Amino acid sequence: MRVILLGPPGAGKGTQAATLAEKENIPHISTGDILRQHVAEATSLGQQAKSYMEAGDLVPDDLILAMIRDRLTQEDTKQRGWILDGFPRNVDQASFLEQLLWEIEQPFDYAVNLEVPDETLVTRLLQRGRDDDTETTIRRRLQVYREQTAPVIDFYRQRDRLQSVNGDRSMAEVTAALQGTLQENPSTAGK
Ligand code: AMP
């Protein structure tokens, strides 16, 4: 199974992706997690990415694209698939991913959009308390989401590969809904 999980910051992508990855026994690929690890280890990539992450801005594509190519060509992703969380974050990244998946012959099954209203997002992000979850950064991340990431939803809708799941429910209910969606036949996606 190869799944792209979309949704605004605070929609629960990370939690749901981790749960699904465990249930399906596939790698959970979170660009945010990979970047945080680089920052923690103070690698060259981490040092370059840090200020963008602290500001709630997107890390430049040239850094992200090399990182995702590297991750998606590792051995574990060839076996049972993967679940992508936090990538693609803009239409250029979505185009790059389309080309990359074609090249490495790994077509994805679905892009699933977790839909959550703004009020819920802010409450959830403030409760989460990650380093980059201050009120200013949260506001910036939501703005970046609306301007740069939301158009990615249309990218997949146009390709008839988009599914939507109501993410404004308990964690278990969202997991069940996601699993239900993923068990449907891919040929019915977006209908
Ligand atoms: P996340 O854990 O997905 O909320 O990501 C945390 C931060 O990492 C974001 O606010 C961005 O600064 C950066 N980031 C994660 N994924 C990407 C991406 N695909 N493109 C650019 N920046 C990203």
query: Of all residues in the stretch 72-94 being within 13 Å of the ligand (Cβ to nearest atom) and farther than 15 Å from VAL3 by Cβ, which is most open to solvent (accessible area, probe 1.4 Å)?
result: ASP92
- prompt: Would you pick out the residues in the stretch 128-154 that are farther than 25 Å from GLN179 by Cβ, polar (S, T, N, Q) and surrounded by 12 or more Cβ atoms within 10 Å (Cβ to Cβ)?
  reply: THR134, THR137, GLN143, GLN148
message: Being in contact with a Gly (Cβ under 8 Å, 6 or more places away or on another chain), modelled with pLDDT of 95 or more and farther than 18 Å from VAL59 by Cα is true for just one of GLU103, GLU115. Which residue is that?
response: GLU115
message: Can you go through LEU125, LEU182, LEU101 and tell me which one is in a helix (DSSP H, G or I), hydrophobic (A, V, I, L, M, F, W, C), closer than 13 Å to PRO9 by Cα and open to solvent by less than 90 Å² (accessible area, probe 1.4 Å)?
response: LEU125
message: Can you report the number of residues in the stretch 56-71 which are loosely packed, with under 15 Cβ neighbours inside 10 Å and more than 8 Å from the ligand (Cβ to nearest atom)?
response: 4
query: Any residue at all in the stretch 10-17 that is near the ligand (Cβ under 9 Å from one of its atoms) and more than 24 Å from ARG169 (Cα to Cα)?
result: no
message: Looking at SER51 and the list (1) at positive phi; (2) within 10 Å of the ligand (Cβ to nearest atom); (3) open to solvent by 40 Å² or more (accessible area, probe 1.4 Å), which single condition is not satisfied?
response: (1)
field: All positions within the stretch 52-80 that are more than 26 Å from ARG130 (Cα to Cα) and assigned to a loop (DSSP other than H, G, I, E, B)
entry: THR73, GLN74, ARG80
query: ARG146: out of contact with any Gly (no Cβ under 7 Å at 6 or more places or on another chain) and assigned to a helix (DSSP H, G or I), yes or no?
result: yes
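The values are calculated or read from the model by the stated rules, or taken from the named source; none is laboratory data. Owing to the predicted nature of the structure, the values given are computational and were not obtained by experimental measurement. Virtual Cβ from ideal backbone geometry, glycine too; neighbours counted across all protein chains shown. Surface areas here come from the heavy atoms of the whole protein model, side chains and all, with no ligands, DNA or RNA. Shrake-Rupley method; radii C 1.70, N 1.55, O 1.52, S 1.80 Å.
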